[in-house]
Every structure is written in C-alpha cells, then in structure tokens.
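The values are calculated or read from the model by the stated rules, or taken from the named source; none is laboratory data. Here the structure is a predicted model, which means the values were calculated and not measured. Every residue, glycine as well, gets a Cβ built from its backbone with ideal geometry; the counts of neighbours run over all protein chains shown. Heads up: the accessible areas ignore ligands, DNA and RNA and are worked out on the full protein's heavy atoms, side chains in. Shrake-Rupley method; radii C 1.70, N 1.55, O 1.52, S 1.80 Å.
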Amino acid sequence: MLWLDYRGAPQTIAVIKRSVIDSQGKASVRALAEEVTKHLPSKDTVSEALAFYNLVLDRTRYMRDPRSVEYGRAPWVLVEQMMAGHTPGTDCDDQTALICALAAVSGAECRAVTVAFKNMFYKGRRQYSHVFAQIREPRTGAWMTLDPVAGDKTQEMKGRVVAAKFWPIV
C-alpha cells in the first residue's frame, strides 16, 4: 500500500490497526505464530512476545520507505512472503504491524508507540519519526517494548525520546 498523501502518525496508526485486525482472520498468520511458539511452555506470554520479536529480526530486513511515499504492507502479506522463503524488506511501521498481528492471533494485547527524537512541529502538530510495538504481559500488566529497528540498542533509543504517544491496536 502506498500513501502519496501522507498525513502523519494518526494515519500510519490507523493503517497499522486496520491491517492487524484484517490479519487476525488469516490462517497463515496464526500458523506462523503457532510455528514460532510451538516449543514454548503454555501461557508463557513473555517468551511468546520475544519469539515474535526474534522472528522479525531473523526473517525480515530493515529497509526505509521510498523517499517520497509512505509504503506499507499488511502483516498477512509479509507472513506469506516469509512462508514462501523470502526475506521481506520492512520498516518500523511494517514491523510494528507484524508483531501486533502475531500477538493478536495469540490473544495478546498490543499497542503501538510513536516517538519523537526532536521537538519538531508542523502546523502545530508534533512530528513523530518512529513507531514500535509493545505487548502487555497479562500477569503483571507491564508493557514489553519490542523494537527490531533499535534491536539491542532499545534502551539507548528510549533514552533519546523527547515525546511518545501510545496507540491501542488490539
């Protein structure tokens, strides 16, 4: 999906949310979630979340959007590409949607977090430059940050954030 008339974080989040909801009905998404968690103990939600995160790290490649458009693909499309042996190029919104879709088909609560690293505004609205997924651990209620773009530098990335907005997905 290409957005030639990109209007900021609310539009990106709306597309992520819609694509996650649509992907919940796809058998391929459920099959992949089951495959990557099959060796985990039942109800080990922390390990499930980490399995989804590691899947994105291992089976996709980070790639920025084209210069003049916002480019995104539904999680089920990415899953089908991976199941066919491909390594799709994904950016932060693709990765967020994919992690949230895998979480959703597994019964987990997920949200997206948009962050700004600079105090930039356009027409009075804050400009966010990055998005990542968080999954709620049901026993403690704690949110686990899953950001394949930042990878092992996630804590460092979070330290550079000047503003964040939380968006429920499922």
(request) Mind counting the residues in the stretch 158-170 that are open to solvent by less than 70 Å² (accessible area, probe 1.4 Å) and either touching a Leu at 6+ places or on another chain (Cβ under 7 Å) or not in a loop (DSSP other than H, G, I, E, B) (or both)? (result) 4
(request) Out of the residues in the stretch 145-157 that are among the aliphatic types (A, V, I, L, M) and open to solvent by less than 30 Å² (accessible area, probe 1.4 Å), state the one that is farthest from Leu50 (Cα to Cα). (result) Met157
(request) Note down all Cβ pairs under 7 Å where the first residue falls in the stretch 114-136 and is within 18 Å of Ile99 (Cβ to Cβ) and free of Cβ contacts under 8 Å to residues at least 40 places away in the same chain, the second is open to solvent by 70 Å² or more (accessible area, probe 1.4 Å) and of a type outside the set (Phe, Trp, Tyr), and they're at least six residues apart or on different chains. (result) Arg136/Glu109
(request) From the list Ala112, Ala108, Ala142, Ala103, pick out the single residue that is open to solvent by less than 60 Å² (accessible area, probe 1.4 Å) and within 21 Å of Gly8 (Cβ to Cβ). (result) Ala112
(message) Take Leu98 and tell me if it is within 14 Å of the chain's Cα centre (by Cα), closer than 22 Å to Asp44 by Cα and surrounded by 16 or more Cβ atoms within 10 Å (Cβ to Cβ).
(response) yes
(request) With the condition kept exactly as written, say whether any residue in the stretch 34-41 is more than 16 Å from Ala97 (Cα to Cα), touching a residue at least 12 places away in the same chain (Cβ under 8 Å) and either part of a helix (DSSP H, G or I) or open to solvent by 80 Å² or more (accessible area, probe 1.4 Å) (or both). (result) yes
(message) Contact list please: Cβ distance under 6 Å, first residue in the stretch 82-105 and within 13 Å of Ser19 (Cβ to Cβ), second residue among the aromatic types (Phe, Trp, Tyr) and at pLDDT 95 or above, pairs at least six apart or on different chains.
(response) Thr96/Phe132; Ile99/Phe52; Leu102/Phe52
(message) The conditions are (1) in contact with a strand residue (DSSP E or B) (Cβ under 9 Å, 6 or more places away or on another chain); (2) open to solvent by 40 Å² or more (accessible area, probe 1.4 Å), and Ala84 fails exactly one of them. Which is it?
(response) (1)
